[in-house]
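Colleague: Sharing a structure below in structure tokens format, with a few things to ask.
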Number of protein chains: 2
Amino acid sequence: MGYTVPAGISNRHVHISKEDFEALFGEGVELTNFKDLSQPGQFAANEKVDVVGPRGTLAAVRILGPFRPETQVELCETDCFIAGFPVDIRESGKLDGTPGCKLVGPKGEIEIPQGVMVALRHVHLSTAQAEEAGVKDGDLVGIKFGGPKAVTFENVLIRAGEKHFRDMHLDIDEANAGHIANGQEGVIVK
Amino acid sequence: MGYTVPAGISNRHVHISKEDFEALFGEGVELTNFKDLSQPGQFAANEKVDVVGPRGTLAAVRILGPFRPETQVELCETDCFIAGFPVDIRESGKLDGTPGCKLVGPKGEIEIPQGVMVALRHVHLSTAQAEEAGVKDGDLVGIKFGGPKAVTFENVLIRAGEKHFRDMHLDIDEANAGHIANGQEGVIVK
């Protein structure tokens, strides 16, 4: 059967810098925890912002915490189409050259010069989990999900280390394409 | 490399009976051809209807012709979520037990008792094309598309015969999940 990883389905979301957050929510305001996420220390916040694109607005997009050095807006391709952003597919965290957008919060609005992307799907594993699975940080693998719309995602990046925990990040397009439920197990195929 | 098939990406659409069409567009009105589709005799019509679900309306959904014995609304899972329909995944043409909906046209509106579905992806091949590919009508195969979000769709049904022509039907979720362009070639993997 092979080593399996649970699907962690991400709706559109925003990672945000402290500076940008304060411009939108007010000085000295802090992110508040709505729920913990699978990766250690990460959480979905109660706070949401509107993401304004050339064609339309994605309303009330949830912020994920903690703060990051740079603000990043992660969308699926369907979202890009709705809001009118070009589709820029890349690894999360690599922002150079991505489109910008307007963000609207309760206390202000800002233009970010870059940061709108479609993040490449990837698998998080702790060091011990990677060893058990027989993969290492930076490997590319396939992950196969079963069911009526069974699908194998190819070229999936393994991110392994002590800050990671067993989880496969999929966006809404990917989950819907495979009729994949949150937590459904996919198997690593090499 | 293997035998390849081009992606034919279907946005949400409606197949319609003559009776239902006349109730929406007026007695004696005919479907008019917007453009021919890949399958012999099939066409996208100029005429569109609104599809009304429990949560929202999908506006101006294109009708595909010619008329069929039963009206059928083909959506992707994202559409089902937007409009509030349960996701009912099945082969196109098998309507029993699917949810119904309201359809609104320029001259009237109707409630259809069933017909809303997420149609399973499938590959059309002529008899000669199927022979060349080494598959037959009813086979299940994988189809692999390359690129940054490379993906293999599994359990894809082969529909082969003289009324078919080389084409793989994908919905918008599937195309966006794999960043697949219309006409992009995928390879059959067995």
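Colleague: With each label point set 7 Å from Cα along the Cα-Cβ vector, what nm distance links A:Glu70 and B:Arg55?
Modeller: Using points 7 Å along Cα→Cβ, the separation is 3.4 nm.
Colleague: Quick one: Kirkwood hydrodynamic radius for the protein assembly as shown, alpha-carbon pairs, angstrom, one decimal?
Modeller: On the way: mean 1/r = 0.0445 Å⁻¹.
Computed over Cα pairs of the protein assembly as shown, the Kirkwood hydrodynamic radius comes out at 22.5 Å.
Colleague: Right, here's the next one. Over the stretch A:11-119, what relative contact order in percent results from Cα pairs under 8 Å that are six or more residues apart? Spell out each step's value before the answer.
Modeller: Details: 252 pairs, mean separation 34.2, N = 109.
It comes to 31 percent, rounded to a whole number.
Colleague: Using unit Cβ charges (K, R positive; D, E negative) and no other charged atoms, how large, in debye to the nearest 20, is the dipole of the stretch A:121-189 about its Cα centre?
Modeller: Rounded to the nearest 20 debye, it is 80 debye.
Colleague: Let me ask another. With θ set to phi - 60°, apply the Karplus curve 6.51 cos²θ - 1.76 cosθ + 1.60 along the stretch A:166-171 and write out the HN-Hα couplings as whole Hz, x wherever there is a Gly or Pro.
Modeller: Once rounded to whole Hz, the list reads 2, 5, 10, 7, 10, 8.
Colleague: Oh, and also: Provide a whole-number value for the mean count of partner chain Cβ atoms within 10 Å of the Cβ atoms in peptide B:161-173. Each step should come with its number before you reach the end.
Modeller: Details: counts 0, 0, 0, 0, 0, 0, 0, 0, 0, 1, 3, 6, 12.
Mean number of neighbouring Cβ atoms from other chains: 2.
Colleague: If you put a point 7 Å past Cα along the Cβ direction, how far is that point for B:Glu27 from the same point in each other copy, in nm, smallest first?
Modeller: So the label point of B:Glu27 gives 7.4 nm to the other copies.
Colleague: With N residues in the stretch A:11-119, what two-decimal value do you get for its Cα radius of gyration over 2.2 N^0.38 Å?
Modeller: Details: Rg = 12.8 Å, N = 109, 2.2 N^0.38 = 13.1 Å.
For the stretch A:11-119, the normalised Cα radius of gyration comes out at 0.98.
Colleague: Also: Relative to the compact-globule scaling 2.2 N^0.38 Å, provide the ratio for the alpha-carbon radius of gyration of chain B.
Modeller: 1.05
Colleague: On to the next question. For chain B, what is the percent of antiparallel DSSP beta bridges, rounded to the nearest 5?
Modeller: Details: 34 of 49 bridges.
If we restrict to bridges inside chain B, about 70 percent are antiparallel.
Colleague: Kindly identify the stretch B:117-161 as rounded, prolate or oblate by the Cα gyration tensor criterion: order the square roots of the eigenvalues as a ≥ b ≥ c, call it rounded if a/c is under 1.5, otherwise compare a/b with b/c, prolate if a/b is larger, else oblate. It would help to have the intermediate numbers written out before the result.
Modeller: Working: a/c = 2.51, a/b = 1.46, b/c = 1.72.
In terms of gyration-tensor shape, oblate.
Colleague: Taking a point 7 Å out from Cα toward Cβ as the label site, list the nm distances between A:Gly2 and the same residue in every other copy, smallest first.
Modeller: Output for A:Gly2: 1.4 nm, nearest copy listed first.
Colleague: Among the lysines, which fall within straight-line cross-link reach of B:Lys190, defined as a Cα-Cα distance under 28 Å, with same-chain neighbours fewer than 8 residues apart omitted?
Modeller: Reachable lysines: A:Lys144, A:Lys149, A:Lys190, B:Lys94, B:Lys136, B:Lys144, B:Lys149, B:Lys163.
Colleague: Okay, moving on. Using only the Cα atoms of the stretch B:1-56, build the gyration tensor, take square roots of its eigenvalues as a ≥ b ≥ c, and label the shape rounded, prolate or oblate: rounded if a/c is under 1.5, else prolate if a/b is larger than b/c, else oblate. Present the calculation step by step, with values, prior to reporting the outcome.
Modeller: Values: a/c = 3.36, a/b = 1.64, b/c = 2.05.
It is oblate, given that a/c is not under 1.5 and a/b is not larger than b/c.
Colleague: Could you derive backbone 3J(HN,Hα) for the stretch B:79-92 from the dihedral phi with the Karplus parameters 6.51, -1.76 and 1.60 (θ = phi - 60°), listing whole Hz in sequence and x where the residue is Gly or Pro?
Modeller: Using θ = phi - 60°, the values come out as 4, 4, 5, 4, 8, x, 8, x, 7, 10, 8, 6, 5, 3 Hz.
Colleague: Report, for the protein assembly as shown, the % of DSSP beta bridges that are antiparallel, rounded to 5.
Modeller: Values: 71 of 101 bridges.
If we restrict to bridges inside the protein assembly as shown, about 70 percent are antiparallel.
Colleague: In Å and on Cα atoms, what radius of gyration and Dmax does the stretch B:87-190 show?
Modeller: Using the Cα atoms of the stretch B:87-190, the pair Rg, Dmax is 16.3, 49 Å.
Colleague: Pairs of alpha-carbon atoms within less than 8 angstrom and 6+ residues apart define the contacts here; what relative contact order does the stretch A:121-189 have, in percent?
Modeller: Values: 122 pairs, mean separation 30.3, N = 69.
Averaging sequence separation for qualifying contacts and normalising by length gives 44 percent for the stretch A:121-189.
Colleague: Something else about it: Expressed as a whole number of Å, what is the distance separating the alpha-carbon centroids of the stretch A:117-147 and the stretch A:72-103?
Modeller: 23
Colleague: Give me the accessible area per residue for the protein assembly as shown, probe 1.4 Å, as a whole number in Å². Don't jump to the answer; show the numbers that get you there.
Modeller: Working: 16990 Å² over 380 residues.
I get 45 Å² per residue for the protein assembly as shown.
Colleague: What are the residues whose amide H is under 5 Å from the amide H of A:Arg166, where those residues sit 5 or more places off or on another chain and H is modelled from the backbone?
Modeller: A:Ser126
Colleague: Among the DSSP beta bridges whose two residues both lie in the stretch B:11-119, what percent are antiparallel, rounded to the nearest 5? Provide the component values of the computation, followed by the final result.
Modeller: On the way: 20 of 27 bridges.
In the stretch B:11-119, DSSP labels about 75 percent of beta bridges as antiparallel.
Colleague: OK, next. Within the accessible area of the stretch A:65-122, what % is carbon and sulfur when the probe is 1.4 Å and the other protein chains stay in place? The partial results should precede the final answer.
Modeller: Values: 1360 of 2470 Å².
That share works out to 55 percent.
Colleague: A further question on this structure: Leaving out same-chain residues fewer than 8 places away, which aspartates and glutamates sit with a Cα under 13 Å from that of B:Lys35?
Modeller: B:Glu47
Colleague: Could you name the lysines in cross-link range of A:Lys18, using Cα to Cα under 17 Å and dropping any fewer than eight places away on the same chain?
Modeller: A:Lys48, A:Lys102, A:Lys107
Colleague: Could you state how much accessible area is buried at the A-B interface, both sides summed, with a 1.4 Å probe, in Å² to the nearest 100?
Modeller: Values: alone 9500 and 9490 Å², together 16990 Å².
Between A and B, the summed buried area is about 2000 Å².
Colleague: A follow-up question, please. Pop out the ³J(HN,Hα) list for the stretch A:61-73 in order, Karplus 6.51 cos²θ - 1.76 cosθ + 1.60 with θ = phi - 60°, rounded to Hz; leave Gly and Pro as x.
Modeller: Karplus-based 3J(HN,Hα) across the stretch A:61-73 equals 8, 6, 8, 9, x, x, 4, 10, x, 10, 6, 9, 10 Hz.
The values are calculated or read from the model by the stated rules, or taken from the named source; none is laboratory data. Please read these numbers as outputs of a predicted model, since none were measured by experiment. Neighbour counts are summed over all protein chains in view; Cβ atoms, including those assigned to glycine, are modelled from backbone coordinates with ideal geometry. Calculation scope for accessible area: heavy atoms of the full protein, side chains included, ligands and nucleic acids excluded. Shrake-Rupley method; radii C 1.70, N 1.55, O 1.52, S 1.80 Å.
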